[in-house]
Amino acid sequence: MHGHRGARGLRPENTLPGFAYALELGVDAVELDVGRTADGVPVLNHDQALSPLNVADTRPATPGDPAFPYVGTPIRDLTLAQIRTVDAGVRRPERPADDPFARTQARLPGTPLPTLDEACALIGTAPAVRLHVELKTDPSWPRAEVAAFTAAVADVLAAHGLTARGRLLAFDWRVLAEARRYDPRLGRVALVERKTLVPGAGWLAGLDPADPVGSALEIGATALSPEHLLTTPELVGEADRLALPVAVWTVNDPAEMARFAGYGVDAIVTDRPDRLRRVLAGLGLPLPVPEPAPVLS
């Protein structure tokens, strides 16, 4: 059971309250997304730019800041002080009726985007839970910037003693190569979706998109994480034959959860850990133990 962006279906994504709630429900791993600020700090957010869907401007970091408003700006172009001003506690879809999370996600106005350091301090209190950190880069990034970002994330995990429990996830497989070089103790999860398997798209560090399992092993991945539309019994069987664990994402429908469990996947990434617990319990599968609710300052 992997809590996607914490528990996105129930609490604001990539926030400390979201992670605390996922731990309280009981998950094997918390998945989160990070960018790197202009001043070099790994900070949480799903998109490379601040999105009006999940954050809102409140005030400039300094009076008259010419970069304000910040929403819509790439994280790598903003300082931590600027990012600290946005409110990440309320989901704001353009069409709430079409957004299932707008109906189920608790509103927690005033919630900031945390740093990876803060997320590690919280999740580190749950010794049985792994931390899955997705680095948000793409093939247009210079290799040196990918390497610096990967090292910065690895250093934060190491500072909290979470290297053994940490996994670095990436669609841009250069991250996996850098992670293997920088600290081979870190788990490395090869993410794939349909657009990253288009020949010539550049996501897989030059490896064959027609063979995602073999290519993931070649890049040094310790697990493969395909989107649910790519996850077939054949893919799972091939990965199992080669001892490569498979974590399918993102699955929120109970019938689909049961179907992928039947395929024999090793993990299911979900926005609704509450639903997944019920499904796995009904199948007689073991469940992670809920953690006491962490105290948030």
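The values are calculated or read from the model by the stated rules, or taken from the named source; none is laboratory data. Predicted, not measured: the structure shown is a model, and the values here were computed from it. For neighbour counting, all protein chains shown are included, and Cβ atoms are generated from backbone atoms with ideal geometry for every residue, glycine included. All accessible areas refer to the heavy atoms of the entire protein, side chains included, with ligands and DNA or RNA removed. Shrake-Rupley method; radii C 1.70, N 1.55, O 1.52, S 1.80 Å.
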Set 46, 132: member being touching a His at 6+ places or on another chain (Cβ under 7 Å), under 23 Å from residue 153 (Cα atoms) and surrounded by 15 or more Cβ atoms within 10 Å (Cβ to Cβ): 132
Test for residue 193: is it surrounded by fewer than 22 Cβ atoms within 10 Å (Cβ to Cβ), in contact with a strand residue (DSSP E or B) (Cβ under 8 Å, 6 or more places away or on another chain), closer than 17 Å to residue 32 by Cα and of a type outside the set (Gly, Ala, Ser): no
Test: residue in region 80-91 that is farther than 13 Å from residue 15 by Cβ, more than 20 Å from the chain's Cα centre (by Cα), open to solvent by less than 20 Å² (accessible area, probe 1.4 Å) and among the hydroxyl-bearing types (Ser, Thr, Tyr): yes
Residues that are open to solvent by 20 Å² or more (accessible area, probe 1.4 Å) and out of contact with any strand residue (DSSP E or B) (no Cβ under 7 Å at 6 or more places or on another chain), drawn from region 262-279: 262, 263, 264, 272, 274, 275, 277, 278, 279
Residue within region 19-36 that is open to solvent by 50 Å² or more (accessible area, probe 1.4 Å) and either farther than 25 Å from residue 248 by Cβ or among the hydroxyl-bearing types (Ser, Thr, Tyr) (or both) present: yes
Every residue from region 208-240 that is touching a residue at least 40 places away in the same chain (Cβ under 8 Å) and open to solvent by 50 Å² or more (accessible area, probe 1.4 Å): 222
Matching entry among 243, 247 (being within 20 Å of residue 188 (Cβ to Cβ), touching a residue at least 40 places away in the same chain (Cβ under 8 Å) and either among the polar types (S, T, N, Q) or not in a helix (DSSP H, G or I) (or both)): 247
Every pair of residues 6+ apart whose Cβ atoms lie under 8 Å, when the first sits in region 269-294 and is within 23 Å of residue 133 (Cβ to Cβ) while the second is aliphatic (A, V, I, L, M) and assigned to a strand (DSSP E or B): 269/247; 269/248; 276/268
Single condition residue 160 does not satisfy, out of (1) on the phi < 0 side of the Ramachandran plot; (2) touching a Leu at 6+ places or on another chain (Cβ under 8 Å): (2)
Residue within region 14-34 that is over 30 Å from residue 281 (Cα atoms) and either modelled with pLDDT of 95 or more or under 19 Å from the mean Cα position of the chain (by Cα) (or both) present: yes
